[in-house]
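The values are calculated or read from the model by the stated rules, or taken from the named source; none is laboratory data. Owing to the predicted nature of the structure, the values given are computational and were not obtained by experimental measurement. Ideal geometry is used to build each Cβ from the backbone, glycine not excepted, and the neighbour counts take in all protein chains shown.
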Amino acid sequence: MPTFNRILLDINALDDAHPAVTLALDLAGRCQARLKIVDVVPELQRQREHHLPTHLEADVVAHRRERLEQLAAEARSMGTVVEIDVLRGKPALAVIGEVLRSGHDLVMRAHGRAHTPPGPFGPVDQQLLRKCPVPVWLIGPDAKRPRQVVACVDASADDPVEQRLNAQIVTLARAIAGLEGGTVTLLHAWWVFGEELLRCHMREAELSEAVEAVRHAAADGLQALDDGLAEPMPGTKRELVRGRPENAIPEFVEAHHVDLVVMGTVARTGIAGFVMGNTAERILQRLRTSVIALKPEGFVSPVQLDAPS
């Protein structure tokens, strides 16, 4: 089972409460991982142009660092190795830069999710999902511990890259649920392409037969995926939901009070359903719970560290 060694948690240090810190500390403790808690302060160039005091930027950074240090002190008192830092620059790029510099293997982020009802994932979240080279855990507003975990897979995948991404998704979902003593559901959304058009050109019996064939193929694919994994997890459920993924998956997640969704975001150009801006992005815009997003093996972030001068 995979685990994490260096976890990076990005928070708003000025929030009144920090349930995401509790969640990250719990995960770090169970994985025996190091935890680094950061906040990002954008460059205040625009404020300087408006003749604001020159010490303002330093004061903002110092205040955030003080709040982070208070959080870290509480965590250290419980025996967890915790570092803190205030990063500078554009939030997504600053976080990814820290990942590349320090070798973090998981990013957790809790910004902008404290609204009631919670809003969709924001632009910084989207940039991390597209460009961060390691798994990104976007924490929902209540930061629930992941006892009910859903692994969203494409059971119809026949491309090796897609198949390996499916395996990554399920393996990570099982590992996280295992840490919490939780359950995992493998979820595949299926539909008949062009069904409305087919209704105009096929007899009802023929259409029903075609629909059943698609459903049966999806069920076989989901079972084959589950059976083919090296480390089966007792109690794993398999669920087929009929409908387009961007509709069926969020509806299932909400109806079943899921704590965490594990899914893929970026794959090779042309792989339908996993490219950000396509199905995955539409799913994410409708989810209101925590999400872990994975990249396929071999993904290289377009963000690069500046070479030393």
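Select from segment 79-94 the residues that are in contact with a Leu (Cβ under 9 Å, 6 or more places away or on another chain) and either surrounded by fewer than 18 Cβ atoms within 10 Å (Cβ to Cβ) or within 11 Å of Ile37 (Cα to Cα) (or both) and list them in ascending order.
Scanning segment 79-94 gives Val81, Val82, Glu83, Ile84, Asp85, Val86.
Within segment 284-309, take every residue that is hydrophobic (A, V, I, L, M, F, W, C) and under 15 Å from Gly140 (Cα atoms) and give me the one that is modelled with the lowest pLDDT.
Across segment 284-309, the extreme among qualifying residues is Leu284.
Looking at segment 146-195 only, could you name the residues that are charged (D, E, K, R) and either under 19 Å from Leu287 (Cβ atoms) or not assigned by TED's automatic domain parsing to the domain that holds Gly235 (or both)? Reasoning before the result, please.
Here is the first cut: in segment 146-195, the residues charged (D, E, K, R) are 147, 154, 158-159, 162, 164, 174, 180, 195.
Correct list: Arg147, Asp154.
Inside segment 1-19, can you point out the residues that are at pLDDT 90 or above, closer than 24 Å to Pro42 by Cα and surrounded by fewer than 15 Cβ atoms within 10 Å (Cβ to Cβ)?
The answer is Leu14, and nothing else.
What are the residues in segment 19-48 that are within 24 Å of Ala177 (Cβ to Cβ) and assigned to a loop (DSSP other than H, G, I, E, B), if any?
Passing the criteria: Gln32, Ala33.
Would it be correct to say that Ile271 is modelled with pLDDT of 90 or more, surrounded by 18 or more Cβ atoms within 10 Å (Cβ to Cβ) and within 27 Å of Leu100 (Cβ to Cβ)?
no
Quick check on segment 97-112. Is at least one of its residues over 16 Å from Arg6 (Cα atoms) and touching a Leu at 6+ places or on another chain (Cβ under 6 Å)?
no
Of the conditions (1) out of contact with any Gly (no Cβ under 7 Å at 6 or more places or on another chain); (2) touching a residue at least 24 places away in the same chain (Cβ under 8 Å); (3) within 25 Å of Ala33 (Cα to Cα); (4) surrounded by fewer than 20 Cβ atoms within 10 Å (Cβ to Cβ), Arg76 clears all except one; give me its number.
Here Arg76 meets the rest and fails (2).
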